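What follows is a set of notes on a single structure, which appears directly below.
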Amino acid sequence: MPFALSPERDRELAEILSRYPNRQAACIPMLHLCQEQNGWVSDEVVEFVARTLELPSAHVLGVVTFYTLFNQQPVGRHQVWVCRTLSCALRGSDELLRHCEKKLGVHAGETTKGGEVTLRTAECLASCGTAPMMQIDKNYHENLSIAEVDRLLDRLLAGG
Amino acid sequence: MLQRTQHLTKLYGVAEGHRIEAYERVGGYVQARKALATTQSAVVDEMKKANLRGRGGAGFAAGVKWSFMKPHATKPAYLVVNADEGEPGTFKDRTLMERDPHRVVEGCIIGCFGIGAHAAYIYVRDELHLSKERLWGAIREARAKGYLGAKPFGRDYPVEVYVHTGAGAYICGEETSLLNSLEGKRGEPRLKPPFPAQVGAFGCPTTVNNLETIAAVPTVFELGGEAFSKLSALHHLGDGGCRLYGVSGHVKTPGVFEAAVGVTLRDLIYDLGGGISDGGELLAVIPGGSSCPVLLPHETVSAPDEKSPLHAWHGKSVLDVPMGVDTFRALGTMLGTCCAIVLSDKVCPLAAMQNLMHFYRHESCGQCTPCREGTGWLDRLVTKLLAGEGTLDDLDRIHEIASNIMGNTICAFGEGASMPTLGFVRKFRRHFEDHVAGKPCAAGGRLHA
Ligand SMILES: Cc1cc2nc3c(=O)[nH]c(=O)nc-3n(C[C@H](O)[C@H](O)[C@H](O)COP(=O)(O)O)c2cc1C
Ligand code: FES
């Protein structure tokens, strides 16, 4: 089925387009908008963005594959990113990641069987002074202890 | 010399400090109003006097950069604000966006006027959702007051400010990659020249400044350019003002602190950072983000030449040199983003290097062969050495690969990956040899106790 934006997001797109001197510049914000609705960037989304912005599909696909935050496959209902870079590693992000893997029963890069959570590592998220940290969906969780991680993951697994 | 200041951070910790009421209570938007009543060249002159060196990493003088902007017969000009903040160890711009977004908007208004632009795009990495929300909130509030739009402060000089988001790519912090990303393309860096001042965003003359650089602009005008510059202990080297310092890793009180330029690493680690955590001793410090070569505490300054910017510290510890763009370049490292990563002696330097090589391998955009292939080789070699499976030849190979990346890539990512590599293998030679000999350090590959 061809993809289309909800009326509300369609209005948002019109506003986004008004910010730039050409349509192409809306490519990344528009992909975010579509992914928010669809969960991932499917071929149908690529076609839709290409058509709307009057760009070749190959251009849009090139953009999608360049940036790590565009999901090229379906993902879990929640996204968990554990920062693995140096400042976090110096404060225990390795253990934190191992703990998440054990608790969720998946490796980094995978989604839990029930589709609740996709676990991933991230490179430095500009939160080094409050390491270790992880991002869950749009929120940062900083100065984490294993106990706090447990609480956060329990909430996600319970459908919160 | 540690001289704490409270210009950029005066609203940190103030309840609702991100709202326009709070900002105006502490003198917000007065400077933009005044600047717009003067001329473009007066604004640029004031910025030149301020000796405000870019806070994004390269340390180029902001006033000089603004003066490169020449009016074009047919094309508009743009201000692009770099808030991609992806350099490992760097977490300062985020605090400004979250806690004082109006300072950024006011900086954008003055900046647009100074360079002859009518629109500013603030490029924020996608993950910083609160930052984006706060910036948009500030833009809406400023627009409602008539500080943005067709006639800011009643002057016939339209200014609009927009937030643009990335999508997870460190390379988009590099200014030309950022411009491609802003234009809706893959974030691959462009060859320079042409420089952004000639051909920037959408093919038009553009100034790209770091977000903290722009946030400091209202303070430049509040104090006056010269007084701003003189806050700094390195005013005589053309490195003026106050700035944000960050410290992370093995210190007791990591965080972001504001001080006049001239803070030493010893101040940053032992005073602002509260000293080394977990009862360890200082092993090494990466001064300004992961691309800056590491410094060791026993290193001393060798600058017998009176003309060297370091001469005043000849024979002293590197920890006692004021952190400045030119002083740190002369030390063989860089000031970078002025956010230090501190390593205690309880951890393994090879593991630290491996962590960073993984980062660079992951983030290379793949455009230039020496960088794309080289960062992969470096990661594999240091991983092998860390596992105790390496040889002394591998050390030479690391040296050779890093040297072959440098100078052979389109953008400075190549240097950013290879310079710290060379620093690690040179300064921790003994650790590497011990790993090869099967006698790794007590930390045995650990990064965390
Ligand atoms: C690989 C790479 C990554 C960079 N990342 C950033 C960044 O995240 N933020 C930033 O302000 N500058 C970054 N820079 C520096 C920019 O290219 C540019 O010099 C800077 O934004 C100019 O602003 P300034 O003169 O105000 O410092 C990066 C440079 C390179 C080579
Ligand atoms: S290293 Fe994890 S946020 Fe910077």
State all residues of the stretch B:85-123 that are closer than 22 Å to A:Pro21 by Cβ and touching a Gly at 6+ places or on another chain (Cβ under 7 Å); if no residue qualifies, say none.
B:Ala120, B:Tyr123
Of the conditions (1) of a type in the set (A, V, I, L, M); (2) open to solvent by less than 10 Å² (accessible area, probe 1.4 Å); (3) within 25 Å of the chain's Cα centre (by Cα), the single one that B:Val347 does not satisfy is (3)
Restricting the stretch A:133-143 to residues that are within 11 Å of ligand 2 (Cβ to nearest atom) and open to solvent by 10 Å² or more (accessible area, probe 1.4 Å), the one farthest from B:Ser248 (Cα to Cα) turns out to be A:Tyr140
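So which helices (runs of 4 or more DSSP H) stay within the stretch B:10-85 end to end and still have 1 or more residues that are within 16 Å of ligand 1 (Cβ to nearest atom) and within 26 Å of the chain's Cα centre (by Cα)? Spell out how you get there, then give the answer.
Details: elements: B:20-25, B:30-36, B:40-50, B:62-67.
Here the list reads B:40-50, B:62-67.
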Of the criteria (1) away from chain A (no Cβ under 14 Å); (2) within 16 Å of ligand 2 (Cβ to nearest atom), which one B:Gly89 fails
(1)
Condition set in contact with a Pro (Cβ under 8 Å, 6 or more places away or on another chain) and open to solvent by 50 Å² or more (accessible area, probe 1.4 Å), scope the stretch B:399-422, selection farthest from B:Ser177 (Cα to Cα): answer is B:Asn404
For B:Glu212, indicate whether it is open to solvent by 40 Å² or more (accessible area, probe 1.4 Å) and either more than 12 Å from chain A (Cβ to nearest Cβ) or within 27 Å of B:Phe60 (Cα to Cα) (or both).
no
Filter the stretch B:148-174 for residues that are open to solvent by less than 40 Å² (accessible area, probe 1.4 Å) and among the small types (Gly, Ala, Ser) and give the result.
B:Gly149, B:Gly166, B:Ala167, B:Gly168, B:Ala169, B:Gly173
Sole exception among (1) closer than 27 Å to B:Ala32 by Cβ; (2) within 16 Å of ligand 2 (Cβ to nearest atom); (3) open to solvent by 10 Å² or more (accessible area, probe 1.4 Å); (4) at the interface with chain A (Cβ under 10 Å from one of its Cβ atoms) for B:Asp126, by number:
(1)
Among the residues of the stretch B:252-272 satisfying the criterion of being facing chain A (nearest Cβ under 10 Å) and not hydrophobic (A, V, I, L, M, F, W, C), which is surrounded by the fewest Cβ atoms within 10 Å (Cβ to Cβ)?
B:Thr253
Quick check on B:Gly240: is it more than 16 Å from ligand 2 (Cβ to nearest atom) and within 12 Å of chain A (Cβ to nearest Cβ)?
no
Of a type outside the set (Val, Ile, Thr), surrounded by 22 or more Cβ atoms within 10 Å (Cβ to Cβ) and under 19 Å from the mean Cα position of the chain (by Cα): is that true of B:Gly249 in this structure?
yes
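Results for (1) out of contact with any helix residue (DSSP H, G or I) (no Cβ under 6 Å at 6 or more places or on another chain); (2) among the polar types (S, T, N, Q); (3) at pLDDT below 95, shown as yes or no for each residue.
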| site | (1), (2), (3) |
| --- | --- |
| B:Gln354 | no, yes, no |
| B:Val382 | no, no, no |
| B:Ala387 | yes, no, yes |
| B:Gly416 | yes, no, no |
| B:Met419 | yes, no, no |
| B:Gly423 | yes, no, no |
| B:Gly438 | yes, no, yes |
| B:Gly444 | yes, no, yes |
The lone exception for B:Lys192 - which of (1) open to solvent by 10 Å² or more (accessible area, probe 1.4 Å); (2) more than 15 Å from ligand 1 (Cβ to nearest atom) it fails:
(2)
Does any residue of the stretch B:103-115 turn out to be within 23 Å of B:Gly289 (Cβ to Cβ), within 14 Å of another protein chain (Cβ to nearest Cβ) and more than 16 Å from ligand 2 (Cβ to nearest atom)?
no
Before we move on, is A:Val117 away from chain B (no Cβ under 14 Å), at pLDDT 95 or above and crowded, with 22+ Cβ neighbours inside 10 Å?
yes
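The values are calculated or read from the model by the stated rules, or taken from the named source; none is laboratory data. If you're wondering where the values come from, they're calculated on a predicted model, not measured in any experiment. We place every Cβ from the backbone using ideal geometry, glycine too, and count neighbours over all the protein chains shown. These area figures cover heavy atoms from the full protein model, side chains too; ligands, DNA and RNA do not enter into them. Shrake-Rupley method; radii C 1.70, N 1.55, O 1.52, S 1.80 Å.
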